[in-house]
Amino acid sequence: MADKEYYAVQNLDENGEYRANKYNRRLGLEFSAVTPSLVTKVDALRTPLSDILTILENDGAVVLQNALPHSQIQSFRHAHQQVISRPDIQSMMKSQLHQSNLDEPAQSFYKSEQTTHDGLRLRTTARGRFDLKHLDRRDGPALAELSRTVDPLVLPPIIKNMLHHCMGSPWRVTTVGSIPTLPEAVGGDWHRDIGEGLFGEEQDVKLLPDYYFNALIPLGDVENESCGTEIVVGSHREGIGKLVDRRMVASGKAGDIIFFNGKCVHRGRPNVSGVSRDLVYIVYAAKWFEQGRNAVKEVQEWGSLGQPKGVRVIGELSSKL
Ligand SMILES: O=C(O)CCC(=O)C(=O)O
């Protein structure tokens, strides 16, 4: 199965439609010229953990300022820049940037995918927005400088502490990647990082303990709030039916961490800053949550191509089986 077809199947919601469509209908496709208000920022060194956890519980997102030493960001930024400047990766970026399917109505979150000879995977989520993985020593292709410098960013003490309280399940680091976003990149699609969830988004946000968090680590020294991550705060507790449009922007600069619940509806804003906006992303998810297989080989004769039809009532909620 071709990559495009595979992702289209993976991205269907319970009505058999690309899952961003329901958010587009509810929240719209436009990006406001005026930057929405900002997700709460706290000083990671001075704010009591209980206050940070309260914000995270209420909003589903929080920005931790001064959470990482600048020297760590600088070392990683240098190693990362070396890698993304490689001719093979530059040529993959160029080819993905000029793909004609980026102008068609989207059918899937990932619009294309290529793998380098040494095992890095580059994907496009929208024109000018890329996802590069894996960068760490466990799942990455052992690019020495890259994995050495990303190491201290993977599980900083404050994140480990927070996860100890906010995760509702034994967890592990599942993904270490980066999001290079070129100048003039368009905005990304609305999504929840949990996708449609285990039992459909309604059941997951209401019934399941929190099992997925994402840390975004900005690499730039200059903050441009307008190009940040737009998050519908509170959406980690509400399905599409009653979703309240409380969109806010999470942004930061080198040293900060944007931390959010993977149940939140969110998207990247267009990059109007004139410079690349690069982020590291780290996914922490329940030990049982599987997102890391080679996706393209996954659904062929051994997986369902459509949505199963069964329905089971759980309390007031009904779950498609
Ligand atoms: O590029 C961004 O600001 C958001 C990235 C994103 O949507 C994600 O990490 O799931």
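Quick one: would you say Ser85 is surrounded by fewer than 16 Cβ atoms within 10 Å (Cβ to Cβ) and at pLDDT below 95? Quick ask: steps written out before the conclusion?
On the way: surrounded by fewer than 16 Cβ atoms within 10 Å (Cβ to Cβ): yes; at pLDDT below 95: no.
No: the conditions fail for Ser85.
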Evaluation of Phe109 against (1) away from the ligand (no atom under 16 Å from the Cβ); (2) within 21 Å of Gly187 (Cβ to Cβ) (one fails), failing number: (1)
Residue check, Arg86 out of contact with any strand residue (DSSP E or B) (no Cβ under 6 Å at 6 or more places or on another chain) and among the basic types (Lys, Arg): yes
Unmet requirement for Glu113, which otherwise passes all of (1) assigned to a loop (DSSP other than H, G, I, E, B); (2) under 19 Å from the mean Cα position of the chain (by Cα); (3) modelled with pLDDT under 95: (1)
Wholly enclosed strands (runs of 3 or more DSSP E) of the range 188-261 bearing at least 2 residues within 15 Å of the ligand (Cβ to nearest atom) and within 22 Å of Asn161 (Cα to Cα): 212-218, 257-261
Matching residues in the range 25-81 - criterion: being surrounded by 13 or more Cβ atoms within 10 Å (Cβ to Cβ) and assigned to a strand (DSSP E or B): Leu38, Lys41, Val42, Ala61, Val62, Val63, Leu64, Gln65
Members of the range 275-307 found to be at pLDDT 95 or above and surrounded by fewer than 16 Cβ atoms within 10 Å (Cβ to Cβ), listed by number: Val275
Conditions (1) at pLDDT 95 or above; (2) over 24 Å from Glu184 (Cα atoms); number of the one not met by Asp118: (1)
Contacts under 8 angstrom Cβ, first residue in the range 181-195 being closer than 19 Å to Leu27 by Cα and aliphatic (A, V, I, L, M), partner assigned to a loop (DSSP other than H, G, I, E, B) and within 9 Å of the ligand (Cβ to nearest atom), 6 or more apart: Ile194/Gly262
Close pairs from the range 248-268: first farther than 17 Å from Ile55 by Cα and without any contact (Cβ under 8 Å) to a residue 40 or more places away in the chain, partner more than 8 Å from the ligand (Cβ to nearest atom) and aliphatic (A, V, I, L, M), Cβ under 7 Å, at least 6 apart: Lys253/Val222
Matching residues, the range 73-118, being in contact (Cβ under 8 Å) with a residue 12 or more places away in the chain and among the polar types (S, T, N, Q): Gln74, Ser75, Gln82, Ser95, Gln96, Gln99, Asn101, Gln107, Ser108, Ser112, Gln114, Thr116
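The values are calculated or read from the model by the stated rules, or taken from the named source; none is laboratory data. If you're wondering where the values come from, they're calculated on a predicted model, not measured in any experiment. Methodologically, a virtual Cβ is constructed for each residue, glycine included, from the backbone with ideal geometry; neighbour enumeration extends over all protein chains shown.
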